[in-house]
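Undergrad: This is the structure I have questions about; it appears just below.
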Amino acid sequence: MPKASDTLWDLAIAEVEKRENPDDDVGKPGEVWEKSVLFMGNKNGGKTTIILRCLEREESPKPTLALEYTFGRRARRPNTPKDVAHFWELGGGTSLVELIRIPITSHNIRSFAVVLVLDLSKPNELWTTMESLLQVTRNHVNRVLTKLEKTNPEVAAEIKERMWNDLQRDHPDYALVDPFPIPLVIIGSKYDIFNEFDSEMRKVISKTLRFVSHYYGASLVFTSKSEALLLKARALINHLAFGYDKSKSVSVDPSKPLFIPAGLDSMSQIGPPPASDSDLGKMRANTPLELWKKVFEKTFPPKSFCDLQDTKDPAQDSQYAEYEVDAMRAQKNQELEQYKRNASKSWKEMDFDSN
């Protein structure tokens, strides 16, 4: 029964919940699993395709310009409230990374996860994209946690402790890794193109991504448009988004697509960076991560390009076309240009007193 103090917004929310759960007249807090997942990575790397596949939507993917949102709902058991997963997708490669501040907040960080999609067919962009996106995201998450320590220290402590859940204290690499502050999955997309690379190139990319994933306490999976590979990526994402059981299978064979859930790899299995002893001896690095970066970029020099220059103006994108709005915008643009011309003429005709 609505209360007199209910706002229109309160009533609207209650109505939506009633329609979505017709057999559940009384809300039952705590029974609904609600998670958020942010997808980011290379431009045209396949993020949208992966999201649509996870949500089982038969749609053609469209380019993501900035930050887009969608959601999925699933019931864990028949006749139970459906869990909700919020999916955010960051477009623009690394050029719009500051937008991550919008979806990741102190209110949802406890249930937030990140999926980094790296285009395996573009190894010269791989490290730069990965480093930039993870660095900015980590810095933002740490700022949120710092504020949370003052307002809700119990939750902040829980998140920090959970960072180590996938790595047991008796793991030989416990002191060598630096887990990401929130759950992280790294997806290497376009495996079909990657598989055509020279074997040595594939070895460098695979070993590097294994090291980075293990170092950050992340899961790693290679995928493509292949249904079987998409299902493996979907399994990891469903674990983050809907709490499905975590897969225990592992595939580290370099001749096959990698699939390594968090905590199931090790430095000894990965081996040293793929470079000669003499080259390694010449490389100055302060951390293992920095050493792997130098080895990787020796084989795949990073491209000198600016993502920002490639960012399209949403107003010019055909997928957002609206006749009435575009017509009005065109009219206002013409009026502005006419104003500029008239103003220029009037300024030139003015007789200023030089005294």
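Undergrad: When you scan segment 243-259, do you find a residue that is assigned to a loop (DSSP other than H, G, I, E, B), in contact (Cβ under 8 Å) with a residue 40 or more places away in the chain, open to solvent by less than 50 Å² (accessible area, probe 1.4 Å) and among the aliphatic types (A, V, I, L, M), even just one?
TA: Within segment 243-259, one or more residues are assigned to a loop (DSSP other than H, G, I, E, B), in contact (Cβ under 8 Å) with a residue 40 or more places away in the chain, open to solvent by less than 50 Å² (accessible area, probe 1.4 Å) and among the aliphatic types (A, V, I, L, M).
Undergrad: Show me the strands (runs of 3 or more DSSP E) found entirely inside segment 33-137 where at least 3 residues are over 30 Å from Phe197 (Cα atoms) and of a type outside the set (A, V, I, L, M, F, W, C). First the steps, then the outcome.
TA: On the way: elements: 34-41, 67-74, 83-90, 112-119.
Result: 34-41, 67-74.
Undergrad: Inside segment 169-224, can you point out the residues that are more than 23 Å from Ser111 (Cα to Cα) and in contact with an Asp or Glu (Cβ under 7 Å, 6 or more places away or on another chain)?
TA: Within segment 169-224, Ser189, Lys190, Arg210, Ser224 qualify.
Undergrad: Here is a further query. Take the residues in segment 51-69 that are open to solvent by less than 60 Å² (accessible area, probe 1.4 Å) and at pLDDT below 75; name whichever of them is nearest to Asn238 (Cα to Cα).
TA: Of everything passing the filter in segment 51-69, Thr64 is nearest to Asn238 (Cα to Cα).
Undergrad: What about Glu68, is it without any contact (Cβ under 8 Å) to a residue 24 or more places away in the chain, within 13 Å of the chain's Cα centre (by Cα) and closer than 25 Å to Arg53 by Cα?
TA: When the stated conditions are applied, Glu68 passes them.
Undergrad: Only residues that are open to solvent by 70 Å² or more (accessible area, probe 1.4 Å) and acidic (Asp, Glu): list them for segment 117-162, please.
TA: Glu131, Glu149, Glu154, Glu161
Undergrad: Related question: Among residues belonging to segment 260-277 that are farther than 15 Å from Leu209 by Cα and either open to solvent by less than 70 Å² (accessible area, probe 1.4 Å) or of a type in the set (Lys, Arg) (or both), point out the one that is modelled with the lowest pLDDT.
TA: It comes out as Ser276.
Undergrad: Any idea which of (1) of a type outside the set (D, E, K, R); (2) surrounded by fewer than 18 Cβ atoms within 10 Å (Cβ to Cβ); (3) modelled with pLDDT of 85 or more; (4) touching a Gly at 6+ places or on another chain (Cβ under 8 Å) is the one Ala85 doesn't satisfy?
TA: Unmet condition: (2).
Undergrad: Are any residues in segment 215-237 in a helix (DSSP H, G or I) and buried (at least 24 other Cβ atoms within 10 Å of the Cβ), and if so, which ones?
TA: If the condition is that a residue be in a helix (DSSP H, G or I) and buried (at least 24 other Cβ atoms within 10 Å of the Cβ), then Ala233, Leu236, Ile237 are the ones that fit.
The values are calculated or read from the model by the stated rules, or taken from the named source; none is laboratory data. Here the structure is a predicted model, which means the values were calculated and not measured. Don't worry about glycine lacking a Cβ; one is built from the backbone with ideal geometry, like all the others, and counts go over all protein chains shown. The area values use the complete protein model at the heavy-atom level, side chains included, leaving out ligands, DNA and RNA. Shrake-Rupley method; radii C 1.70, N 1.55, O 1.52, S 1.80 Å.
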